[in-house]
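Written out below as structure tokens is the structure these notes cover.
We did not get these values from a lab; they are worked out from the coordinates using the rules stated. Given the structure is predicted, the values throughout are model-derived calculations rather than measurements. Methodologically, a virtual Cβ is constructed for each residue, glycine included, from the backbone with ideal geometry; neighbour enumeration extends over all protein chains shown.
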Amino acid sequence: MSAAPALAHRSFRRLHTRDLPRVMEIERSAYQQCWTEGIFHDCLRVGYECWAILEALEIVGYGILSIGAGEAHLLNICVMPACQGRGLGRELLNYLIDWADDRGALAIYLEVRLSNVRAQSLYRSSGFSEVGKRSGYYPADSLMVREDALLFRLDLVGEGT
Ligand SMILES: CC(C)(COP(=O)(O)OP(=O)(O)OC[C@H]1O[C@@H](n2cnc3c(N)ncnc32)[C@H](O)[C@@H]1OP(=O)(O)O)[C@@H](O)C(=O)NCCC(=O)NCCS
């Protein structure tokens, strides 16, 4: 009788500059229009909350959050394609929500592409509500078409205040 494979241990840690090659590998494989390495460098430099989720000590996803003036903004959340659909995105999102809450943020905002129904489903089922739309928010794709963003908000209790 073969033993069931052990569930890979998941953990979180802050991202460092040395992680950016791995982050860019995931970013390029997960998005058609992805962030540049320079954007991640800037996020680290200005002190945004840059977190990795790891499975068996390997980075499999990351999230970038800015927190200020009582509000948090989720700027990026991404799980490597081969690991999607296994609960990592939800676990990472919950971690970032708790982090923002503990630091006194009263709400967390994010933008999501109109076409990204998968991410929208994650946000809605995590309690986010659609509160607006930004026309032509995303840069033009190869067909020179810009895409609208939906703006989502989750109210927090501001545990850290
Ligand atoms: C969006 C993303 C972070 C979700 O991560 P994930 O690990 O795949 O998500 P999970 O396995 O935790 O699933 C969370 C929820 O997402 C939704 N979801 C997951 N797979 C889905 C699919 N194939 N179709 C529709 N919804 C799906 C479901 O609501 C799911 O909740 P449920 O399992 O309770 O039904 C991931 O798909 C990703 O990195 N996508 C590319 C980058 C991206 O679009 N980021 C968001 C930018 S706004």
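Here are SER115, SER142, SER121: which of them is within 12 Å of the ligand (Cβ to nearest atom) and part of a loop (DSSP other than H, G, I, E, B)? So that I can check it myself, show each step before the final result.
On the way: SER142 fails: within 12 Å of the ligand (Cβ to nearest atom); SER121 fails: part of a loop (DSSP other than H, G, I, E, B).
None of the other options fit; the residue is SER115.
Quick one: which residue in ILE64, ILE53 is more than 8 Å from the ligand (Cβ to nearest atom), of a type outside the set (S, T, N, Q) and closer than 12 Å to ILE26 by Cβ?
Values: ILE64 fails: closer than 12 Å to ILE26 by Cβ.
Step by step, each of ILE64, ILE53 is checked, and only ILE53 is more than 8 Å from the ligand (Cβ to nearest atom), of a type outside the set (S, T, N, Q) and closer than 12 Å to ILE26 by Cβ.
Of the numbered conditions (1) within 13 Å of the chain's Cα centre (by Cα); (2) buried (at least 17 other Cβ atoms within 10 Å of the Cβ), ALA105 fails exactly one; give the number of that condition.
With respect to (1) within 13 Å of the chain's Cα centre (by Cα); (2) buried (at least 17 other Cβ atoms within 10 Å of the Cβ), ALA105 is out only on (1).
Could you say whether any residue in the range 148-155 is among the basic types (Lys, Arg), touching a residue at least 40 places away in the same chain (Cβ under 8 Å) and in a strand (DSSP E or B)?
Quick first cut of the range 148-155, residues among the basic types (Lys, Arg) only: 153.
Imposing the further condition that a residue be touching a residue at least 40 places away in the same chain (Cβ under 8 Å) reduces the set to 153.
Within this subset, residues satisfying the condition of being in a strand (DSSP E or B) are 153.
Checked against the condition, which is being among the basic types (Lys, Arg), touching a residue at least 40 places away in the same chain (Cβ under 8 Å) and in a strand (DSSP E or B), the range 148-155 yields at least one hit.
Among the residues of the range 104-123, write down those that are closer than 18 Å to GLU147 by Cβ and not hydroxyl-bearing (Ser, Thr, Tyr).
LEU110, GLU111, VAL112, ARG113, LEU114, ASN116, VAL117, ARG118, ALA119, GLN120
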